[in-house]
Each structure stands twice: as C-alpha cells, then as structure tokens.
Amino acid sequence: MEMQFEQITLPGLEPKRPMVIAGPCSAETEEQVMETARDLASRGVKIFRAGIWKPRTKPGGFEGVGSEGLLWLKKVKAETGMYVATEVANQYHVLEALKHGVDLLWIGARTTANPFLVQEIADALKDTDIPVLVKNPVNPDLELWIGALERLSRAGIRKLGVIHRGFSTFDKIKYRNDPHWDIALEMRSRYPELPFFTDPSHLGGSR
C-alpha cells in the first residue's frame, strides 16, 4: 500500500533543530510531573511525554494513574508552554487524550503487535490531524510495524512517525532490547520521508 506522510510540525518548534521528546516513563504524581516538566523546559525541551496508562506484563503492578494524569499534562502545557504527549492503547485512551488536549500520541510496542487494537485506535482517530508515532512491535517483524502504519494511514492520519525502541529477545545482550538495526534501516530505506525517532532509554535499559 502506498502511504502519504505529512511532516510532523508543531507551531513554535525550530524546523532545523532535532526534535527531542522527554519526560517520565510513567506519570506517578502531579509533583513529579510538574518538577520534571519545569526542569526539561529550562533545558529547552519543547515536547513533554508521560505515560498515563502503562501496560504491565503481570497484574498487580502500577498500570498508570489514568485520566487524572491528563489534568497534570494540561497543567504542564499551561505553565511551561510545552507540548504534551502520551501513549494510547485503545479507543478509550484516544478519546480521553483528545478531550484533554494532548498534542501528540504514540502507540506502544505491545499495542503495535496487535492489529485489532491498532485498528481500534485508527478508527477512533479517523480524519484527525494529531501526530501519531508508532513504536516498533515487541517482536522483530518489519511487516507488522508497517501494517500498523497502513491502518492509521487508511484512517486518514497523515502526520505519522515511527519510534525505534528495540525488540525483545531471549538472548543475553548488553542492551535491554535488541536493536536489530537491520530492521530499523530497512524501514528507513522503504520510507525515507517518514519521521524517525529513537528511544535510547528502552534500547539501553538505563535511566
């Protein structure tokens, strides 16, 4: 399928400056979110990310504060002027994020691996102009990654990008996730116009 992409632009961002997205993996308290946002804003970071909903391998772990955290992101925008981003994994997340004025969304690696959920997200986002970044699936499958992009593209979403965060592996390696640079480079080769981000924290496994 041929896909058309628009450049991810947000007013006020310098087009020649590398786009840095930073913030806590998980939004835990309002104090933590605001303290981190103020520090990042003072360093010139323009896009603040925080996980509001967190998928965990086993039940019982902290799975995010939920919609309450979106109010903290609104406060970040109001106080610092930063754009805010969060991960969505289903239709409800999408609708809540849009309602609270989130500027950028990303789809996590576990969700990218589930075509049903990606389609649900695509349907919820149909014909919106919000930028959406798609992380590589947990397993090293380029076609699954591209398939997620195609589902979003068919829903009329044009401001798309990808995030390379590495792949799960049973092998013992020095990284948290196997980079599989060959897959990342093949994605880049097939879609050179597609905005491409790297997530060094997931790759390296170190704060």
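The values are calculated or read from the model by the stated rules, or taken from the named source; none is laboratory data. As the structure is a computational prediction, the values presented were derived from the model and not from experiment. So basically every Cβ, Gly included, is an ideal-geometry build from the backbone, and we count neighbours across all protein chains shown. Surface areas here come from the heavy atoms of the whole protein model, side chains and all, with no ligands, DNA or RNA. Shrake-Rupley method; radii C 1.70, N 1.55, O 1.52, S 1.80 Å.
In table form, for the structure just shown:
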| read-out | value |
| --- | --- |
| Restricting the range 77-107 to residues that are assigned to a loop (DSSP other than H, G, I, E, B) and without any contact (Cβ under 8 Å) to a residue 40 or more places away in the chain, the residue that is nearest to ALA37 (Cα to Cα) | VAL102 |
| Residue that is farthest from the chain's Cα centre (by Cα) [pool: residues in the range 25-46 that are within 17 Å of GLY108 (Cβ to Cβ) and open to solvent by less than 20 Å² (accessible area, probe 1.4 Å)] | ALA27 |
| Residue tally, condition among the polar types (S, T, N, Q) and either exposed (fewer than 15 other Cβ atoms within 10 Å of the Cβ) or part of a helix (DSSP H, G or I) (or both), over the range 170-190 | 1 |
| Unique residue being out of contact with any strand residue (DSSP E or B) (no Cβ under 8 Å at 6 or more places or on another chain) and either in contact (Cβ under 8 Å) with a residue 40 or more places away in the chain or among the hydroxyl-bearing types (Ser, Thr, Tyr) (or both) when the list is MET1, MET19 | MET1 |
| Single match in THR80, THR57, THR86 (criterion: of a type in the set (Ser, Thr, Tyr), over 19 Å from VAL134 (Cβ atoms) and at pLDDT 95 or above) | THR80 |
| The one condition in (1) of a type in the set (Asp, Glu); (2) under 22 Å from MET19 (Cα atoms); (3) at pLDDT 95 or above that ASP129 fails to fulfil | (3) |
| Total residues in the range 120-130, condition open to solvent by less than 10 Å² (accessible area, probe 1.4 Å) and part of a helix (DSSP H, G or I) | 2 |
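Listed here are the residues, each with its yes/no results for (1) open to solvent by 40 Å² or more (accessible area, probe 1.4 Å); (2) over 23 Å from ARG165 (Cβ atoms); (3) out of contact with any Ser or Thr (no Cβ under 7 Å at 6 or more places or on another chain).
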| position | (1), (2), (3) |
| --- | --- |
| PHE48 | no, no, yes |
| THR57 | yes, no, yes |
| GLU63 | yes, no, yes |
| VAL84 | no, no, yes |
| GLU96 | no, yes, no |
| VAL118 | no, no, no |
| VAL132 | no, no, yes |
| LEU142 | no, no, yes |
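To keep it simple, each residue is scored yes or no on (1) over 23 Å from LYS16 (Cβ atoms); (2) charged (D, E, K, R); (3) crowded, with 19+ Cβ neighbours inside 10 Å.
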site	(1), (2), (3)
ASN136	yes, no, yes
ASN139	yes, no, no
ILE157	yes, no, yes
ILE163	no, no, yes
SER168	yes, no, no
LEU194	no, no, no
